[in-house]
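The values are calculated or read from the model by the stated rules, or taken from the named source; none is laboratory data. From a predicted model like this one, the values you see are computed outputs, not experimental measurements. Backbone-built Cβ (ideal geometry, glycine too); neighbour counts: all protein chains shown. Surface areas here come from the heavy atoms of the whole protein model, side chains and all, with no ligands, DNA or RNA. Shrake-Rupley method; radii C 1.70, N 1.55, O 1.52, S 1.80 Å.
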Amino acid sequence: MYINIAELSVNDSNSSKKSSSTYIPPHLRGKPPTAPITHESAMERTTSWGGNLAQHGSQPNLSGGGNSRTNLHSGSRDGYSSRGQSNYQDNNYRQNNNYNNRGYRGNNSSLDVRDNNYNDNRFSRTTTWAGRRDDRSNKTQRNPIYGMWANGKHVYAQKNPRIELSLFGNPEDADNTPTGINFEKYDDIPVEASGNDIPQPIDSFEDSDLEPLLAQNIVLAGYTVPTPVQKWSATIGGAGRDMMACAQTGSGKTGGFLFPILNLSFKTGPHPGRELEANNRTSHAPSKAMPIALILSPTRELSSQIFEESRKFCYRSWVHPCVVYGGSDIGAQISQINRGCDLLVATPGRLVDMIDRGLISLKFIQFLVLDEADRMLDMGFEPQIRKIVESVDMPGPLERQTLMFSATFPKDIQHLARDFLNDYIFLSVGRVGSTSENITQKIEYVEDEDKHSVLLDILKTIEQGGLTLIFVETKRMADILNNFLLDNNYNSTSIHGDRTQRERERALESFRSGRCTIMVATAVAARGLDIPNVTHVVNFDLPSDIDDYVHRIGRTGRAGNVGIATSFFNRNNKNIVRGLIDLLKEANQEIPSWLTFVAREAQGFGNSKGRGGRGGRGGGGGGFSHGNNNRDYRTNFNNQSSNTNNTRTNNKPSQFQKSTNNNQGNFGFNSGAPPMYDSSSNSSWF
Ligand SMILES: Nc1ncnc2c1ncn2[C@@H]1O[C@H](COP(=O)(O)OP(=O)(O)OP(=O)(O)O)[C@@H](O)[C@H]1O
């Protein structure tokens, strides 16, 4: 459910038990602004762009022109990046006004776009609005955020300062800028792409032949430089290629899949078959949403967040984003999709429910995204995902474009990729499943009975101004710990699966807004959640799966910002000790000497899994062995081994400096010294 942050009073300190002065996080300071943001003022925030793309004609093409599944790979690689050419269109079609077998039109000139013609009567009869005939949607009030596709042209909605403010915040507020201090360092992260005919990445947004409205919305969002995963996905996705992309937490994967999808959609318009069906529909036929893009994500909160991101980039365009997820009023979601549904973000369970009720058809899907697919499998969603992708009316892999994104890619996900993707490019930014060096990782040996007091010690040392996210393993423990913190006068809240959706949303909102500076969470908050200003993650309980550790600590140190992750380790966590050590090494973190003793001993007992094992799935073979750079598992699949005939890297040595982590966060206990281990006495840690 959408929560309008702008309408919330950040001065409401009802939930505050600790102090009367209310914390306001930097990203919310200054809201509401004294003067409304205008489109022009937003454009002034960048120097060179201005939405005028003509000068970049010779640069790589984000759209890649129209393309065809059947001859996608027959042209030269240059074809993927040649602007305005339809190298991948079936030759039977002409550029503009024709479609390949994925339903894309030829590349429309941006000059065809009519700005501010929203109410132009010339378009009224044949105009489609979110897949419905205009004359049938009279009863429904139009959403002023969105434009329309009319007579083969993209007609933008009027600019609306009030909406811009609620979507993008106040650009005058420096604290509102999303880029972090270390953002440019992402350029040094090694990138590897494997597969056939890999397109060159873009260097900048200016180079990428962005559709003008998308370019403007990206500027409004305050993005000036694409992150590495965005640079590569722009051309890979833009060329109509399937992709499995693995990039570190907080590195901009959401934009990585949204930008190529929206760029192609803004240029080419809705699927022509859908337009035909909508126009031919009788007034008695039941209304059905027919999105052209589907993004599946594991949790309600993540779906909601992706929806909010897509609202920004779809602003004023013909593409109506929608979101459906369980635990929330289905009636409200039905009315939402009935008001227009072009890009649908969904959790698998609720989507299957709505398909079964005949409310949603997937037959015009051109873009399918599986975000955090490994988590969806962990949560037992495989039957629903397979039903959605393979059994209902979804077009097959040759007719749609499929993208999979995550920070971790265990082997069973690569099997799913084999079934869902076609001739895909495997992209890894940084080591697969690795953690960002922007996160300082501290491992402390703490027995269960000491955890509460050690946590209080840590909280005392945390500087004012940041948010702290504390992970526990069980819902019960989340409640217990939250109550404990409230009793100790901390502004704390909690989020877990036993809380109602409304309670979960409220908890998240109080944390995001800074009314509660601490949130205790189960794994439900481990993936994808992007909460600015989380400066500290505490693993009160470590997860049994090392990939979950990667995602959890990734809630801090996002978009180039720095963060700290402290984890309480004891005998119950011996199963992930090897994986933990591999990760710490990869991210140039200090490894406490006691941890290596533990690892050796655990190995002796055959208990610990390295990065090649997943604790949570019976050793399903997840993660990636340390030092194994070939992360594309197709070489192990006999029937696809020929696909990995091409590898491209940026081959830059990492210039990251080793973190200066001297374990100063020992908080006065253990002082980095482990419980004494006496190797001569044959004593055992466990
Ligand atoms: N090009 C960019 N410039 C500035 N900020 C960006 C850019 N791309 C993304 N961001 C910001 O970076 C943050 C992290 O992005 P995002 O949530 O997409 O990361 P992610 O890789 O999906 O993370 P996770 O693996 O945790 O899901 C967001 O606040 C987003 O607005």
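Descriptive notes on the structure:
- Here Arg311, Arg316 are screened, and the one residue that is part of a helix (DSSP H, G or I), basic (Lys, Arg) and assigned by the TED database to the domain that holds Ile163 is Arg311.
- Hey, Arg162 open to solvent by 60 Å² or more (accessible area, probe 1.4 Å) and at pLDDT below 90 or not: no
- Residue check: Ala526 meets all listed conditions (1) open to solvent by 30 Å² or more (accessible area, probe 1.4 Å); (2) modelled with pLDDT under 90 but one, namely (1).
For (1) within 16 Å of the ligand (Cβ to nearest atom); (2) of a type outside the set (D, E, K, R); (3) open to solvent by less than 10 Å² (accessible area, probe 1.4 Å); (4) closer than 23 Å to Glu505 by Cα, each residue gets a yes or a no:
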site: Asp530; (1), (2), (3), (4): yes, no, no, yes
site: Asn533; (1), (2), (3), (4): yes, yes, no, yes
site: Asp545; (1), (2), (3), (4): yes, no, yes, no
site: Asp548; (1), (2), (3), (4): yes, no, no, yes
site: Ile564; (1), (2), (3), (4): no, yes, no, no
site: Phe568; (1), (2), (3), (4): no, yes, yes, no
site: Lys574; (1), (2), (3), (4): no, no, no, no
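- Those residues of segment 377-389 which are acidic (Asp, Glu) and crowded, with 20+ Cβ neighbours inside 10 Å, in sequence order: Asp378
- Qualifying positions in segment 245-297 - β-branched (Val, Ile, Thr) and free of Cβ contacts under 8 Å to residues at least 12 places away in the same chain: Thr282
- Residue match in segment 436-443 (condition: part of a strand (DSSP E or B), touching a Cys at 6+ places or on another chain (Cβ under 7 Å) and buried (at least 16 other Cβ atoms within 10 Å of the Cβ)): no
- For beta carbons closer than 6 Å, sequence separation of 6+ or different chains, a first residue in segment 362-383 that is of a type in the set (Lys, Arg) and a second that is at pLDDT 85 or above and within 16 Å of the ligand (Cβ to nearest atom), the qualifying pairs are Arg375/Pro298.
- Arg512 within 16 Å of the ligand (Cβ to nearest atom) and assigned to a helix (DSSP H, G or I): yes
- Residues (small (Gly, Ala, Ser) and in a helix (DSSP H, G or I)) located in segment 484-509: Ala507
- Checking each residue in segment 390-418 for being open to solvent by 20 Å² or more (accessible area, probe 1.4 Å), in a loop (DSSP other than H, G, I, E, B) and of a type in the set (D, E, K, R) picks out Asp393, Glu399.
- Filter pass, Thr556 being buried (at least 22 other Cβ atoms within 10 Å of the Cβ), out of contact with any helix residue (DSSP H, G or I) (no Cβ under 9 Å at 6 or more places or on another chain) and not assigned by the TED database to the domain that holds Pro298: yes
- Pairs are defined by a Cβ separation below 9 Å, a sequence spacing of at least 6 or placement on different chains, a first member in segment 444-467 that is on the phi > 0 side of the Ramachandran plot, and a second member that is part of a strand (DSSP E or B); the pairs so defined are Gly465/Thr535.
- Across segment 468-498, the qualifying residues are those that are farther than 22 Å from Leu542 by Cα and touching a helix residue (DSSP H, G or I) at 6+ places or on another chain (Cβ under 7 Å), and the one among them that is least open to solvent (accessible area, probe 1.4 Å) is Tyr490.
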